[in-house]
Amino acid sequence: MQLANLILAQLVNGITLGGMYALIALGYTLVYGILLMINFAHSELFMSGAFVGLGVMTLLTSSSMAQKFPVLAPAQAFFTGSRVGVFFMLMIVFLVAMLVVGIMGMAIERFAYRPLRHAPRLAPLISAVGVSLFLQNAVLLWISAQQVPFPNPIGNGTAFTIGTVEVSVLKVIIVVTAIVLMLALDTFVSRSRMGKSMRATSQDREAAGLMGIDINKSIMLAFFIGPALGAVAGIFSGMYYGSIVFSMGFLPGMKAFTAAVLGGIGNLRGAMLGGFVLGIAESLASGFISTGYKDVIAFAILILVLIFRPGGLLGESVVEKV
């Protein structure tokens, strides 16, 4: 009975973790599907989303901010006085963070990647690493080098119980939000006009341009959507772990990249599947082996996938360029 409860608890943790990995992995797979490049700055956009979310949340809830700006006091009373207020406050936090980080992603594409679009593949890769280091050190120097506490306005209340395992409201919200956003993105890409333009651009940029598709617009949209979803994952990470730091993006970013490769990089549904599979595998490894081995397990999975199934679980959805 204890073993079953332990397995169940780790599965719940793994699904929650997998939802966050999947949201980040979608950014990697969107960019790779269109440009065939790995955007290593994506992990720092995930981190930036957490800090932007914290800033907005502080503005909407902190009493010190109300003292500096008395006009905020009535709004803060609403946002902190009821569950409805907390809901609207979180909606504002997520929307603002998604917008700001999405615009950051578009700016990075415009000024760091677009000028190198026809350069050798190594050039945009180096540019991505440079952007990643710039963003990380900007937060280090301008905000804080220490762990910054991140509030959890949802609280740690129990949503429901499975056996003796209590599933918190926050975990339910993380998983449900991740699934809804991933399904919405999959529907958008497969059925909307702009989504079809993105798919055409990913298959053949030159032919798509000749057919009247604005390939720059399609690429910028991918660089908006991916970072915006990463910002959601960043806020959830801060609420889940209780703190954020300038270097928080590296490991989740690498694991999300592993998830994208595991599912089949370039394939949106593969990124979703890979995120959940990796999250569950990592959580089970923490529970049954050691927390010190969870990162080893994650990257061992990456190596094995690259050796035995480089196309991933669901294969690639992009056309091989020759």
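The values are calculated or read from the model by the stated rules, or taken from the named source; none is laboratory data. All values reported here derive from a predicted model rather than from experimental measurement. With ideal geometry, Cβ positions are generated from the backbone for all residues, glycine too; neighbour counts draw on all protein chains shown.
Overview of values
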| quantity | calculated |
| --- | --- |
| Residues satisfying the stated conditions in the range 156-201, i.e. among the hydrophobic types (A, V, I, L, M, F, W, C), in contact with a strand residue (DSSP E or B) (Cβ under 9 Å, 6 or more places away or on another chain) and outside any helix (DSSP H, G or I) | ALA159, PHE160, VAL167 |
| Filtered residues of the range 259-303 (kept if crowded, with 24+ Cβ neighbours inside 10 Å and modelled with pLDDT under 85) | ILE265, GLY266 |
| Members of the range 243-257 that are within 10 Å of ALA22 (Cα to Cα) and either touching a strand residue (DSSP E or B) at 6+ places or on another chain (Cβ under 9 Å) or not aliphatic (A, V, I, L, M) (or both) | LYS255, PHE257 |
| Only one of VAL56, VAL52, VAL71 that is within 14 Å of PHE150 (Cβ to Cβ), hydrophobic (A, V, I, L, M, F, W, C) and surrounded by fewer than 21 Cβ atoms within 10 Å (Cβ to Cβ) | VAL56 |
| Failed criterion for ALA119 (all others in (1) farther than 30 Å from VAL12 by Cα; (2) surrounded by 13 or more Cβ atoms within 10 Å (Cβ to Cβ) hold) | (2) |
| Residue in the range 158-175 that is nearest to LEU6 (Cα to Cα), counting only those that are hydroxyl-bearing (Ser, Thr, Tyr) and free of Cβ contacts under 8 Å to residues at least 12 places away in the same chain | THR161 |
| Within the range 103-133, tally of residues that are of a type outside the set (A, V, I, L, M) and in contact (Cβ under 8 Å) with a residue 24 or more places away in the chain | 9 |
| Output for the range 138-157, where each listed residue is without any contact (Cβ under 8 Å) to a residue 40 or more places away in the chain and under 30 Å from TYR113 (Cα atoms) | ALA138, LEU141, TRP142 |
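Conditions (1) within 19 Å of ALA178 (Cα to Cα); (2) outside any helix (DSSP H, G or I); (3) in contact with a helix residue (DSSP H, G or I) (Cβ under 7 Å, 6 or more places away or on another chain); (4) without any contact (Cβ under 8 Å) to a residue 60 or more places away in the chain, marked per residue:
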position: LEU11; (1), (2), (3), (4): yes, no, yes, no
position: TYR21; (1), (2), (3), (4): yes, no, yes, no
position: GLY33; (1), (2), (3), (4): no, no, yes, no
position: MET37; (1), (2), (3), (4): no, yes, yes, no
position: SER43; (1), (2), (3), (4): yes, no, yes, no
position: GLN76; (1), (2), (3), (4): no, no, yes, yes
